[in-house]
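Report on the structure given below.
The values are calculated or read from the model by the stated rules, or taken from the named source; none is laboratory data. As the structure is a computational prediction, the values presented were derived from the model and not from experiment. Every residue, glycine as well, gets a Cβ built from its backbone with ideal geometry; the counts of neighbours run over all protein chains shown.
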Amino acid sequence: MSNIVPFFEKMQALDRRYIYLVVALAIIIPLLIPFNSKTYVTEPTANVYKMIDSYAGRSDRAILLSFSHDASTMAELTPMEVAILRHCFQRKVKVFTLCFMPAASPLMDYALNIAKEDYDVQDGIDYCNFGYKPYGLFLPILLGMGDDIAEIVETDAQGRKISNLPIMTDITNYNEMNLVVDFAASSAVYSWIVYARARYGVNVAAGITAVMAADNYPYLQTGQLVGMLSGLKGAAEYEKLVDVFATHKNPDGTIGRSYSKEILQESWIKLSDVDKRVYKTARIGMNAQTVAHVMIIVFIILGNIGFFLSKKKKEQEMM
Amino acid sequence: MKRQIPLIIVITLGFMFVAHTFIPHKASVAFYDWWVSWSKAISPFAVILGIMSLTMVHGTKISRKAPNWQYSALTLFALVFTGASGFIWGTSEGTPFMWLFKNVQMPMGSTMFSLLAFHIASAAYKAFRARSAEATVLLIAAIIVMLGQVPLGMAISKWIPETSSWILNVPNLAAKRGIALGVGLGMTATSLKILLGIERTYLGGGD
Amino acid sequence: MFETISNLIAAFLTLCIFSFLYKDNPFYKFAEALFIGVSMGYAIPLVYENAFLPFVYQPIFLQGKLIILIPSLMGVLYIFRFSRNLSWLSRYPIVFGMGIVGMGVPMSMHSSVLVQMRSAMLPLDNINTALIFIGTVTILLYFFFSKEHKGVYGKFTNVGVWYMMIGFGASFGYTVMARISLLIGRIQFLLGDVLGLIK
């Protein structure tokens, strides 16, 4: 005991830069030495997947991806965006992208460019980037799309009149563009719930940074959010869903199969079987996340042992 | 008058919007369309505020030769250069403007926030103490959620992700709902105060 | 080649920011100053292309809708925000947008309060619904500050505190995850995109 206490006291006073070094190593090593780990898919993520998948091949259904974040949270949100876009391109779901902050505008191009690389999809036919609109128009556009999307949004990112684009055939308002997924590091999704959901009944889902995730559970229970992808874990889950179902190669040569809980539980995707790194970014990251979480837990435990030992020592000295 | 007229505008528009929410009449739709078209025309000018504030802060530093004023000069140079590159070469993929975003703005923006990972780890070691029963509950809930989120939790026992999910869906949900109800009522009250002209801080200082 | 140089520049700037972990230094200051300037600078052409041209220039000059001159001039009044004598003029573009708060009152009351309350009043047919009900009520009691938290009432509000601690714990767990994820993203960039070490 007498040896342990000074040791922990020394550890308590450890320079923070040593801790930083441990953090860096806890992330670098698992990224360099990859291992396969099982991604456990949660219901809120599966619900988003199922809803998007139900629009497959329909010309009178579309989804809107609203990018409400800047580069600072790309690590969590971009893999989600890429995975959802891939899902849409693979299953022929019409998809629109839109943002209200300048910093998000290039992120839409970034995600679209990664996702469309392997697919024969065309801007204006299979997808359309509505581009950046000033924040002052957030509510007007959000509400206006309940009446007529082409009228309120007017032009896409390339300045083309939206009403002239082939993708708009059969798409007028939220009745057709029936799902909005908002990617945010903020409470932006609440505006969709408060205005678009309450007034027009559009389905709203959140792709959210983990910081915000716990706050959204009340909205999941009420159905105001149909689903949610939380942080890197949510992205990893969606990547897995796309690999297990949307891009699955059937024995008859066709691609894609419907969602099934049983298949999901049994399936095991080896990371080395996924050729492109951009399609497994979140899952590779989750390996490092595992090690980092264990490290943080060990830090908390060690810190507390030190705290209690020195507290006990002080009490003994007092006596 | 400098305060009264803006206040009258907010109150009038505010009540017209309340009416618009409940009454889907033609006149109400026309009012809304008018408001949208005007808002659209006002919207691009808000960016002036950001540019002016940045230019003023850094301009003053440069003119006073304040310590580290050179960095302020760099900020202003970057501001002008990035803006100009967008006007000269356009903003689409493959332009210098996009290059600046991908190789300067994006890496630095994401790195700034990633520094927090180091700070939270250091705080976990030095500050998160189970000083009381409540703090212990907080730490235990946090640890279960942390383990439940990563594949290791599932590998240890299927109960870990399930308990984590229960924590999120039951006690956490109740806690966040209690808080959200308070916040929701607070927001409604604040909106009402603005609508009735009681809350006026958005008008700024001066008379 | 161009790609490699671009990646190296991005990597250098990433490391400049990381250098702050050791201590504040000129490299960090350089990167920070550059970042602020670039971030603001690149909003300008985007706003010009996506808002000024379609909503101001085209309606007025191409479609001849001269009425749009009024809101445009109102927008220009933002310039006076920092003027000592004329800052009151900048209130006009602000209050015009504020009007929509009138819609916010009924809508946020509906979504944030009424719908949430309805779900809090579900039949207590299983243990979880009952637990959620107890939690919500006790937390609301806790935030009722007009009555001192003592006696039986204090016991109730104490239950609320425990619920909140679990809620904060969950948020904390998620926050740790979020912060680590951001760092993973950057290290994936350095190891994968720059050094090509991640397969």
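Just a few scattered comments:
- Annotation note: of B:L138, B:L147, the sole residue that is farther than 20 Å from A:I19 by Cβ and either away from chain C (no Cβ under 12 Å) or touching a Phe, Trp or Tyr at 6+ places or on another chain (Cβ under 6 Å) (or both) is B:L138.
- Taken over the range A:148-167, the criterion of being surrounded by fewer than 16 Cβ atoms within 10 Å (Cβ to Cβ) and small (G, A, S) is satisfied by A:G159, A:S163.
- Evaluating B:I179 against the criteria (1) under 25 Å from the mean Cα position of the chain (by Cα); (2) farther than 24 Å from A:Q265 by Cα; (3) surrounded by 22 or more Cβ atoms within 10 Å (Cβ to Cβ) leaves one unmet condition, (3).
- Those helices (runs of 4 or more DSSP H) lying entirely in the range A:61-157 with at least 2 residues among the β-branched types (V, I, T) and within 29 Å of A:T281 (Cα to Cα): A:74-91
- For A:A206, the criteria (1) within 14 Å of chain C (Cβ to nearest Cβ); (2) surrounded by fewer than 24 Cβ atoms within 10 Å (Cβ to Cβ) hold in every case but one, which is (2).
- All conditions but one from (1) more than 7 Å from chain B (Cβ to nearest Cβ); (2) over 30 Å from B:W35 (Cα atoms); (3) among the aliphatic types (A, V, I, L, M); (4) crowded, with 17+ Cβ neighbours inside 10 Å apply to C:V115; the one that does not is (2).
- You will find that of B:A27, B:A66, the residue that is among the aliphatic types (A, V, I, L, M) and in a loop (DSSP other than H, G, I, E, B) is B:A66 and no other.
- Subset of the range B:124-150 (residues that are in a helix (DSSP H, G or I), surrounded by fewer than 21 Cβ atoms within 10 Å (Cβ to Cβ) and at pLDDT below 90): B:K126
- Of the candidates C:F12, C:F20, C:F52, C:F27, the single residue that is hydrophobic (A, V, I, L, M, F, W, C), within 8 Å of chain B (Cβ to nearest Cβ) and over 27 Å from A:Q158 (Cα atoms) is C:F20.
- For the range C:138-171, residues that are within 8 Å of chain B (Cβ to nearest Cβ) and either among the β-branched types (V, I, T) or in contact with a Gly (Cβ under 6 Å, 6 or more places away or on another chain) (or both) total 8.
- Only strands (runs of 3 or more DSSP E) whose full extent lies in the range A:159-275 are considered here, and the ones with at least 1 residues that are free of Cβ contacts under 8 Å to residues at least 60 places away in the same chain are A:203-208.
- The sole residue among B:G186, B:G109 that is surrounded by fewer than 18 Cβ atoms within 10 Å (Cβ to Cβ) and either at the interface with chain C (Cβ under 9 Å from one of its Cβ atoms) or in a helix (DSSP H, G or I) (or both) is B:G186.
- When C:L131, C:L124, C:L86 are checked against the criterion of being within 14 Å of chain A (Cβ to nearest Cβ) and on the phi < 0 side of the Ramachandran plot, a single residue qualifies: C:L131.
- Counting only helices (runs of 4 or more DSSP H) wholly contained in the range A:1-60, the ones carrying 1 or more residues that are acidic (D, E) and surrounded by 14 or more Cβ atoms within 10 Å (Cβ to Cβ) occupy A:43-53.
- Among the residues of the range C:119-128, none qualifies, meaning not one is modelled with pLDDT of 90 or more, surrounded by 15 or more Cβ atoms within 10 Å (Cβ to Cβ) and within 21 Å of B:T188 (Cα to Cα).
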